[in-house]
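The values are calculated or read from the model by the stated rules, or taken from the named source; none is laboratory data. Nothing here was measured: the structure is a model prediction, and the numbers come from that model.
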Amino acid sequence: MIRKAVEKEQEERAWQFWISIYPHADQDRFPSFEQFLSKIQRGDSQKRHSPMTAEIAIAKAEAIKRVHQRKEE
């Protein structure tokens, strides 16, 4: 029962993270929550964190900014 509770808690955290990353997600350009969750769960078993280069972080931030700018227009 404890394992199931921990899994549900992790799923809830993943959901909150997913909606914060993709607030205006559409099915064509962003992963579904199920895809996102399975990717996170696979990553949990492999390793906790992978190093992110500054270039990748900037590219992700610019992509998020573009999405928000399009939604405001």
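The set of residues in segment 8-19 being more than 11 Å from LEU37 (Cα to Cα) and over 12 Å from the mean Cα position of the chain (by Cα) consists of LYS8, GLU9. Scanning segment 33-61 for residues that are at pLDDT 80 or above and outside any helix (DSSP H, G or I) yields a total of 1.
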